[in-house]
Amino acid sequence: CFHKVPLRKGKSLRQTLREHGLLERYLREHPYNPASKFYSSGG
Amino acid sequence: VSSEPLENYMDNEYFGTITIGTPPQEFSVLFDTGSSNLWVPSVYCSSTSCGNHNRFNPSASSSFVSTSQSVEIAYGTGSMTGILGYDTVNVAGINVVNQIFGLAETEPGDFFYYMPFDGILGLAFPSISSSGATPVFDNMMSEGLVAQDLFSVYLSNNGQSGSFVLFGGVDSSYTTNGISWIPLSAETYWQISMDRYMNLNGEAVACTSGCQAIVDTGTSLLAVPNNALSIIQSTFGANSNGEISCSVASTLPDVVFYINGQAFPVPPSAYVIQSNGYCTLGFEGIDIPTQSGEIWILGDIFIRQYYVIFDRANNMVGLSPLS
């Protein structure tokens with residue numbers, strides 16, 4: 001009686017932006033900050 | 001207004017499918033133990049960027065109930081905005097009726113076009129849920145939809161297939177090496193107390209007096225305080241970008257996280273990332289101000305080494321080594 005969601009592995013946003021030559025522009029306009037979700041959640 | 005930042009999801013690679021509404025509308029979502037809200041794009045977002053994703057259409061769902069409460073999804077310097085609504089959400093065959101979720105209405109720019117998933121399903125605690133929205137798993141528990149008040153996550157080491165989130169149970173075929181149970185230090189994120197971090201040759205080099213750690217499927221790397229990152233990079237002989245020589249990568253020892261008196265090693269095959277001929281340590285800097293000490297984030301690099309059980313009934317995290 002398991003309720004299992006299979007997860008598939010895809011390309012990350014970073015990989016895709018790099019392939020399209022957009023990564024530098026993205027990081028310039030949106031400085032990467034892995035802490036941002038922890039700031040905003042108020043935890 | 002609730003807020004869900006997106007820019008820190010740029011390295012995530014694992015997604016699953018859920019449906020929302022009657023009849024069901026399908027969405028690819030990131031199952032994120034580091035947040036608590038569910039949101040997906042909606043048909044009210046009409047730009048080209050949103051057009052590359054599945055969008056929820058409330059008028060096509062007979063079970064949708066609208067609200068007037070707004071939601072904001074921060075995205076770098078821009079944001080997606082939308083509204084909160086209620087509908088039936090199906091996750092792994094479990095129908096959660098009257099589940100609150102965010103319907104994104106506007107989008108911030110062309111980058112969103114490339115986001116590999118449609119939305120996010122948060123699996124952390126209600127105490128950090130924006131707008132006080134009840135998380136999906138809390139509704140599963142309160143409605144008695146799961147056999148046990150826990151879920152578990154397996155991320156395949158080769159990253160290609162077999163990864164899953166299991167609701168309401170533990171797959172014993174993944175716990176043959178035993179389960180180490182660790183009590184939570186806070187009921188916000190899946191937060192635990194870490195004793196210390198040991199690097200190379202068994203030397204404690206960071207978190208030496210103890211620190212806090214969050215087990216987060218929504219973070220890809222091992223995120224550590226910036227001062228610890230400098231020390232770690234130095235001990236590996238890495239440059240400030242975390243780059244090391246690929247010729248030595250396979251000879252490196254395990255790094256070890258000591259948690260609740262037990263050692264949880266991570267081998268170099270997991271923490272060294274090889275790409276385009278370069279080798280980089282899978283650590284990134286993160287500074288989160290907190291009263292409970294410095295915070296480390298144990299992301300997918302760590303989770304791929306352990307079958308992780310997120311036990312809401314007992315407020316514990318269970319870790320079972322996968323090799």
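The values are calculated or read from the model by the stated rules, or taken from the named source; none is laboratory data. Bear in mind that the values here come from a model prediction, so they are computed numbers and not experimental data. Because the Cβ atoms are built from the backbone with ideal geometry, glycine has one as well, and the counts that use them run over all protein chains shown.
Brief remarks on what is shown
- Criterion violated by B:S47 - all others in (1) away from chain A (no Cβ under 14 Å); (2) modelled with pLDDT under 85; (3) closer than 28 Å to B:E187 by Cα satisfied: (3)
Results for (1) under 22 Å from B:Q191 (Cβ atoms); (2) surrounded by fewer than 22 Cβ atoms within 10 Å (Cβ to Cβ); (3) among the basic types (K, R), shown as yes or no for each residue.
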residue	(1), (2), (3)
B:L121	yes, no, no
B:M140	yes, no, no
B:G144	no, yes, no
B:Q148	yes, yes, no
B:S152	yes, no, no
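- Test result for B:T188, within 14 Å of chain A (Cβ to nearest Cβ), among the β-branched types (V, I, T) and touching a Leu at 6+ places or on another chain (Cβ under 9 Å): no
- Qualifying residue in the stretch B:60-72 (condition: part of a strand (DSSP E or B), at pLDDT below 90 and under 20 Å from the mean Cα position of the chain (by Cα)): yes
- From the options B:V255, B:V272, B:V224, residue that is among the hydrophobic types (A, V, I, L, M, F, W, C), within 14 Å of B:A206 (Cβ to Cβ), without any contact (Cβ under 8 Å) to a residue 60 or more places away in the chain and surrounded by 14 or more Cβ atoms within 10 Å (Cβ to Cβ): B:V255
- Residue in the stretch B:293-302 that is surrounded by fewer than 20 Cβ atoms within 10 Å (Cβ to Cβ) and out of contact with any Ser or Thr (no Cβ under 9 Å at 6 or more places or on another chain) present: no
- Residue in the stretch B:156-200 that is surrounded by the most Cβ atoms within 10 Å (Cβ to Cβ), counting only those that are within 20 Å of the chain's Cα centre (by Cα) and on the phi > 0 side of the Ramachandran plot: B:G168
- Residue pairs meeting the criteria (Cβ under 7 Å; at least 6 apart or on separate chains; first in a helix (DSSP H, G or I) and of a type outside the set (F, W, Y), in the stretch A:21-43; second surrounded by 14 or more Cβ atoms within 10 Å (Cβ to Cβ) and at pLDDT 80 or above): A:L23/A:R14; A:L23/A:L17; A:K37/B:G34; A:K37/B:S35
- With respect to the conditions (1) modelled with pLDDT under 95; (2) within 19 Å of the chain's Cα centre (by Cα); (3) hydrophobic (A, V, I, L, M, F, W, C), B:A249 falls short on a single one, namely (2).
- Of the strands (runs of 3 or more DSSP E) contained entirely in the stretch B:118-169, those carrying at least 1 residues that are at pLDDT 95 or above and of a type in the set (V, I, T) fall at B:150-154, B:164-167.
- Close pairs from the stretch B:41-57: first within 17 Å of B:T17 (Cα to Cα), partner small (G, A, S), Cβ under 6 Å, at least 6 apart: B:P41/B:A104; B:S42/B:A104; B:R55/B:S42; B:F56/B:S42
- The lone exception for B:I309 - which of (1) on the phi < 0 side of the Ramachandran plot; (2) without any contact (Cβ under 8 Å) to a residue 12 or more places away in the chain it fails: (2)
- Looking only at residues in the stretch B:267-293 that are in contact with a helix residue (DSSP H, G or I) (Cβ under 8 Å, 6 or more places away or on another chain) and within 12 Å of chain A (Cβ to nearest Cβ), the one that is modelled with the lowest pLDDT is B:I288.
- Within the stretch A:6-20, residues that are among the polar types (S, T, N, Q) sit with their Cβ atoms under 8 Å from residues that are outside any loop (DSSP other than H, G, I, E, B) and buried (at least 18 other Cβ atoms within 10 Å of the Cβ), at 6+ positions apart or across chains, in these pairs: A:T16/B:Y114.
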